[in-house]
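Asks: Before anything else, here's the structure in question.
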Amino acid sequence: MKKRILACLLALVMLIGVLPVMALAEDSSAAESLSDGQAKVGSTGNVYDTLDEAMAAAAKVDTIYLGKGTYTLYGKDGIAGGKSLTFVGAGKDETIWNIGTGEKDVGQGNADFSLRGAKTVTFRNMTLKAGIINGNGDQVARDYMGFAHTDVTVVEDCVIDGKTFYWGYT
């Protein structure tokens with residue numbers, strides 16, 4: 001009898017240990033199934049041709065799955081204000097998020113304000129690229145790059161390519 005109980009407890013512990021892995025696999029597969037440049041809003045299941053359309057459709061708390069491609073919200077100041085969003089990419093080599101920067105290397109002018117006012121922003125399973133491409137096509141690191149005026153920024157299972165400073169205030 002004791003062996004049966006122990007076996008059941010062991011099976012339960014193993015099942016609980018696998019649940020987080022299964023959840024991450026589900027996230028990635030939803031993004032991998034999208035065509036290049038597409039975005040899917042988790043709360044509705046609707047697929048959009050652009051990240052801007054997906055952002056407009058996203059609820060206050062939502063997940064946006066990103067297909068293969070390069071994405072940015074730079075220049076759309078405060079588009080995520082008041083929202084808590086998770087962006088899930090199709091893979092570190094497949095999905096790139098460009099952290100925006102201005103032309104001149106001046107203080108907070110290098111920060112990306114597109115997520116200003118967001119409660120929590122999570123990036124998962126992608127490459128976050130920080131830097132500007134110069135006239136020779138080389139990526140040049142900038143001081144003070146990152147997401148300015150977000151409350152909490154979380155980066156999970158991502159590659160950060162470049163130099164960053166701003167990642168949330170909490």
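Asks: Quick one: ranking Y74, Y48 by accessible area, 1.4 Å probe, largest first, what do you get?
Replies: Y74, Y48
Asks: Hey, if we sort S114, S33 by accessible area with the 1.4 Å probe, largest down, what's the order?
Replies: S33, S114
Asks: Also, I was wondering about something else. Tell me the net charge near K83. Cut-off is 12 Å between Cβ atoms, K83 excluded, with +1 for each Lys or Arg and -1 for each Asp or Glu.
Replies: That works out to +1.
Asks: For region 60-99, report the accessible area per residue in Å² (1.4 Å probe, heavy atoms, rounded to an integer).
Replies: Dividing the accessible area of region 60-99 by its residue count gives 39 Å².
Asks: Expected output is a single nm value to one decimal: the length gained when fully extending between Q139 and D151, i.e. 0.36 nm times separation in residues minus the C-alpha distance. What is it?
Replies: Difference between extended and current length: 1.5 nm.
The values are calculated or read from the model by the stated rules, or taken from the named source; none is laboratory data. Note that this is a predicted model, so its numbers are computed, not measured. Note that we place each Cβ from the backbone using ideal geometry, even for glycine, and neighbour counts take in every protein chain shown. In case anyone asks, the SASA skips ligands and DNA or RNA and just uses the protein heavy atoms, side chains included. Shrake-Rupley method; radii C 1.70, N 1.55, O 1.52, S 1.80 Å.
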